[in-house]
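For reference, the structure discussed in these notes is given below.
The values are calculated or read from the model by the stated rules, or taken from the named source; none is laboratory data. Please read these numbers as outputs of a predicted model, since none were measured by experiment. For neighbour counting, all protein chains shown are included, and Cβ atoms are generated from backbone atoms with ideal geometry for every residue, glycine included.
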Amino acid sequence: MEILDRYIRNHILGALVGVLIVIVGLDLLAAFIAELEELKGNYQQLQAVTYVLNTIPGRVYEFVPVAALVGCLIGMGSLANGSELLVIRAAGVSIGRVVWSALKPTLAVAFLSVLLGEYVVPVTEQYAQGQRSAAMGRDGLIKTKSGIWHREGNEFVRIDAVGANGVLLGVTRYRFDSNQSLISTTVSRQAVYEDNHWRLTDTYITQFDKNNTKVRYSAEQDWFIQLSPESVSVVVLKPENMSISELYQYKNYLQAQTLDADQYAIAFWKKVFQPAIMVAMILVALSFIFGPLRSVTVGFRVVVGIVVGLGFQQGQDLFNYAAIVYHFDPLVAVAMPVVFCFAAGFVLLNRLR
């Protein structure tokens, strides 16, 4: 059986890698063409190429499930076209055993994609955005594990988090005098941008004098600073580019602030369920190979794979939007399409026995 496992693995992985290279390559080309419209200042074609290349890990992570589906259809389909699957079945190997042989490389790829999304994608995306922002002359913001930092004159600003609607959460301002001595700190629960300035709410101002310290409270306060929502959005990663641990902490923080965290909760559960999505895709693909797509052309299998992959993605997006609009559990919204895909794969495979 080791020979069978290796033979099936090589066919699936070879097709999967080939499909992934084609899809990511086309996506990179489209992204580069889109970046050409953003050229300005020091951000020219060379910088655009560098930016797009730095986003490759994120694009690979995004397209791995579809590549697994299409790659399985192509790889296993080539075995079906050569009557090799028929010989394997005639040798007494059950459909379940063939399915397990096909799932092994898929599980390995799923594990690698989890590591990619957790440890590589957030770093490369943050670096790409930072370099792009600096080339465009939008520097001045630094993102660290403790939050987002900004300096303007003698004032240093730390922002704990940024809400989905651009609201700054947990804003702390440190003001220094010309001798670099701290003269005041201002801690605000949040800041909302309106009429070309920020409006701070629930603000505590602490002033440090030589002999005493004064603390006062302000329910609302206007804050005039050059920092804009667009500048902040540059250093804030999109939910789909954040790691699972970052998403978990971020959504919990927003929920603790009684703010809408559905967008981050959905992204969190999508990343958690990504390995299950890949397995479900493979089950559906194998049910097609042993059933209606046993003797069709490679091109037709590719079309079917793309249609099924896009259909799953559209269904998942539909549930996600419904969760945001109607405020039902994001876990249910993400899990439902996966459960349906698993059920379809199991039912179709059981009919072939």
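Miscellaneous remarks
- Long-range neighbours under 9 Å by Cβ, at least six apart or interchain, first residue over 16 Å from Val187 (Cα atoms) and of a type in the set (Ser, Thr, Tyr) within region 211-235, second surrounded by 10 or more Cβ atoms within 10 Å (Cβ to Cβ) and at pLDDT 90 or above: Ser228/Tyr193
- No other residue among Tyr61, Tyr7, Tyr43 is modelled with pLDDT under 95, crowded, with 18+ Cβ neighbours inside 10 Å and either closer than 21 Å to Tyr127 by Cα or not small (Gly, Ala, Ser) (or both) apart from Tyr43.
- Filtered residues of region 198-212 (kept if at pLDDT 90 or above and out of contact with any Leu (no Cβ under 8 Å at 6 or more places or on another chain)): Arg199, Leu200, Thr201, Asp202, Thr203, Tyr204, Ile205, Thr206, Gln207
- Qualifying residue in region 283-305 (condition: closer than 27 Å to Leu13 by Cα, surrounded by fewer than 19 Cβ atoms within 10 Å (Cβ to Cβ) and modelled with pLDDT of 85 or more): no
- Considering residues of region 202-234 that are in contact with a Ser or Thr (Cβ under 9 Å, 6 or more places away or on another chain) and not in a strand (DSSP E or B) only, the residue surrounded by the most Cβ atoms within 10 Å (Cβ to Cβ): Val234
- Filtered residues of region 166-210 (kept if of a type in the set (Val, Ile, Thr) and touching a residue at least 60 places away in the same chain (Cβ under 8 Å)): Val167
- Any hit, region 249-258, residues being outside any helix (DSSP H, G or I) and over 30 Å from Arg351 (Cβ atoms): yes
- Residue in region 326-339 that is under 21 Å from Leu85 (Cβ atoms) and in the same structural domain as Cys72 (by TED's automatic domain parsing) present: no
- The lone criterion from (1) part of a helix (DSSP H, G or I); (2) without any contact (Cβ under 8 Å) to a residue 12 or more places away in the chain left unmet by Lys270 is number (2).
- When Tyr51 is tested against (1) in contact (Cβ under 8 Å) with a residue 24 or more places away in the chain; (2) out of contact with any Lys or Arg (no Cβ under 6 Å at 6 or more places or on another chain), only condition (2) is not met.
- Whichever residue in region 23-38 is surrounded by 14 or more Cβ atoms within 10 Å (Cβ to Cβ) and free of Cβ contacts under 8 Å to residues at least 40 places away in the same chain and, among such residues, is farthest from Arg97 (Cα to Cα): Glu35
- Note on region 78-95: among residues that are in a helix (DSSP H, G or I) and touching a residue at least 12 places away in the same chain (Cβ under 8 Å), the one that is farthest from the chain's Cα centre (by Cα) is Ile88.
- Filter pass, Ala108 being modelled with pLDDT of 90 or more, more than 17 Å from Glu240 (Cα to Cα), buried (at least 20 other Cβ atoms within 10 Å of the Cβ) and of a type outside the set (Asp, Glu): no
- Exactly one residue out of Gly170, Gly166 is touching a strand residue (DSSP E or B) at 6+ places or on another chain (Cβ under 8 Å) and not in a strand (DSSP E or B), and it is Gly166.
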